[in-house]
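Structure, as structure tokens:
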Amino acid sequence: MLPCWSIGLLVSTIMTYSEKLKDPRWQKLRLKIFERDGWKCVVCSASDKTLEVHHMRYRSQPWDVPQKYLQTLCSQCHRDKHFKKPEPPSPDALSKQETSAIFAALIKELE
Ligand SMILES: [Zn+2]
Ligand SMILES: [Zn+2]
């Protein structure tokens, strides 16, 4: 379990960040990435699904991320990307359900 303060911090970070994504600078960059990737998912090439821009790196300003760290993914591949765990979870990590809920919120709010 994460301590309460860190969940609070995470929530306030999500809120601030999601506000920033309404910024025209991000909206413009997002369209550029879709155009660069040909309006299709870079993983499965689907063009008939909801497309989202995935951040491989985060900066305090979403539009400050170099374009090579941004990629177009369909909502399905995007979810897979976030739920895939590179290392086995530690015993005090969040439960899978809690982690999924947080990532689902992140994906919805951030990208
Ligand atoms: Zn895909
Ligand atoms: Zn993402």
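Residues whose amide H comes within less than 5 Å of that of V43, counting only those at least five positions distant or on another chain, are C74 (H built at 1.01 Å from N in the peptide plane). Put in order of Cβ neighbour count within 10 Å, fewest first, the listed residues S47, S60 become S60, S47.
For segment 2-85, place one equal point scatterer on every Cα, skip the solvent, and apply the Debye formula. What is log10 of I(q)/I(0) at q = 0.11, 0.16 Å⁻¹? Listed by q, the Debye log ratios stand at -0.34, -0.69. Spin-label model, T13 to R36: label points 7 Å out along the Cα-to-beta-carbon direction sit 2.4 nm apart. Taking the number of Cβ atoms within 10 Å of each Cβ as an exposure proxy, the fewest-first ranking of V42, V53, V11, V65 is V11, V42, V65, V53. Taking Cα centre as origin and charging only the Cβ of basic (Lys, Arg, +1) and acidic (Asp, Glu, -1) residues, the dipole magnitude of segment 2-85 rounds to 180 debye. Extension gain for K49 to Q76 (0.36 nm times residue separation, less C-alpha to C-alpha distance): 8.9 nm.
Counting 0.36 nm for each residue step from R25 to C4 and taking away their Cα separation leaves a gain of 4.2 nm.
Read the figures in this text as sums done on the coordinates, not as results from a lab. From a predicted model like this one, the values you see are computed outputs, not experimental measurements. Cβ sites come from the backbone with ideal geometry, for glycine too, and all protein chains shown count toward neighbours.
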